[in-house]
1. Using the eigenvalues of the Cα gyration tensor, what equivalent ellipsoid semi-axes result for segment 191-244 when each is taken as the square root of five times the eigenvalue, whole Å, largest first?
2. Taking the radius of gyration and the Kirkwood hydrodynamic radius from Cα positions alone, what is the Rg/Rh ratio for segment 73-230, to two decimal places?
3. Greater than 29 Å separation of Cα atoms is the criterion. Which listed pairs, Lys237/Lys340; Lys217/Lys237; Lys217/Lys340; Lys238/Lys322, meet it?
4. Relative contact order of segment 190-303, please, whole-number percent, based on alpha carbon pairs below 8 angstrom and at least 6 residues apart.
5. Just the ratio, please: alpha-carbon radius of gyration of segment 172-301 over 2.2 N^0.38 Å, N its number of residues.
6. Considering every Cα-Cα pair within segment 229-317, what fraction, in whole percent, is farther apart than 20 Å?
7. Suppose a student asked you for the relative contact order of segment 73-230, using Cα pairs under 8 Å spaced at least 6 residues apart; what percent would you report?
8. Cross-link list Lys228/Lys372; Lys185/Lys336; Lys190/Lys336: which exceed 23 angstrom alpha carbon to alpha carbon?
Amino acid sequence: MDVQSHPPYNNPSTSYLTEDVEFKHPYTDEENQDSFKYPPQPRLEDIGLTDPQQSLRPAPTYEKRRPWYSRYLPTSMASRLYLLTVLLQTAVDVSIEADILIQFEDVPPDANQNNTIAQENLKRLPVYLGIFAMAHVFQFILAIDAVVFRNTLQFIFLVIFNGLILIYSGVQISEVRSIFPPNQKGIFSKVPINTLTTIIPIVIALAEVVYIALGWKIYTEFGWKVYKLLGADRRIKKMYAQYQLLESLLKFDVFFWLGFSVQFLGLVLNHSDFEFGLTIAALPLSMLLLLQGHLAARYENKWMMWSFLVGLVAGFAYFSYKLYTTLIRRSEEAFKPVVKSLSIFTIISMILLITTFVYAVFVMLNFERGLKVQLDKSKQNKKRRRTVIDVNGGLSISTHPHRMSIE
């Protein structure tokens, strides 16, 4: 009997059995030896199973690996509409503000010489318009942050913050119109200034209606995400709510501290003043202090939290001194046009400081009571779900293709 004429010896693919050819093992990867090992190691879930039982297990399937930016894109329609609305509001309002700001260098001479109010507005309005544009960018960043971290309290604060922006935009209309003539048009839009200043509050008001309309849907969605993150333990959920509130307060502290510093540097102080350098030096230190508060709360470091509380007391003393100085010197020429705005920013900053101090104490009292353990556990679970095996051109392997999700 001729063995070579029977299978599998007559198969061309098995000719290596009779020919001297160089054999390269299919499980060998010269560039990354650690990625593939032969013989393949048994799966942990298959240990102890018989061959028939292993054959009944579902075969691994391959799913497309999600890109890095996917964690910043919400999966629900309500969150997507929310971020889209914030983006449109920011784009429209900042574009209009930029169109108005560019024209301050070309204001007609008569507006400068004959109108004292217009002359004061011409000096301070660019600073206020810059803060107004900064508020929109800040709102958009915090909106992304609230959606990514499912911070319900921050979403509520942003709705209130947008209402404050709406109030200020109404005040801003008369101030801008007192400088420019009625027939003045935008440089880029070619739209009259009066129309541009009317569009801004309309856009903000429409966005506010959308935020309120989406509020309940986002609230229930974030609540379900938090439930999956922390479980049903009410004690942990209460501690987490206090932690989220502190995180939101720290972020709004950043904006109002920056807004106060920009006004004080741009409208009151001169470069030769001693307070000018002091204010510039205090600004990065205050940002580092707020960052320290975040790290102390997240990692439950008591020494960092105690020093953060001392820093808040020092910050309260600083703003108290600034408020006292502003009110005492309100009759001076440098303070007259900005006394109201500086006082409002200073008072809001002081209120935020007191509230931040109170909730920082609450969070510190919750140290070592289980919140950090739960957050770390959830973080590890997320990392484990994102871990992929780079095979088949960037596909991730799943050993449970028929597993159902309740998301």
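1. 40, 11, 7
2. Using only Cα positions, Rg/Rh for segment 73-230 is 1.09.
3. Lys237/Lys340; Lys217/Lys340; Lys238/Lys322
4. Over segment 190-303, the number comes to 20 percent.
5. 1.58
6. 47
7. Relative CO of segment 73-230 lands at 33 percent.
8. Lys185/Lys336; Lys190/Lys336
Each value in this text was obtained by applying a stated rule to the coordinates, not by laboratory testing. Note that the structure is predicted; figures quoted are calculated from it, not measured.
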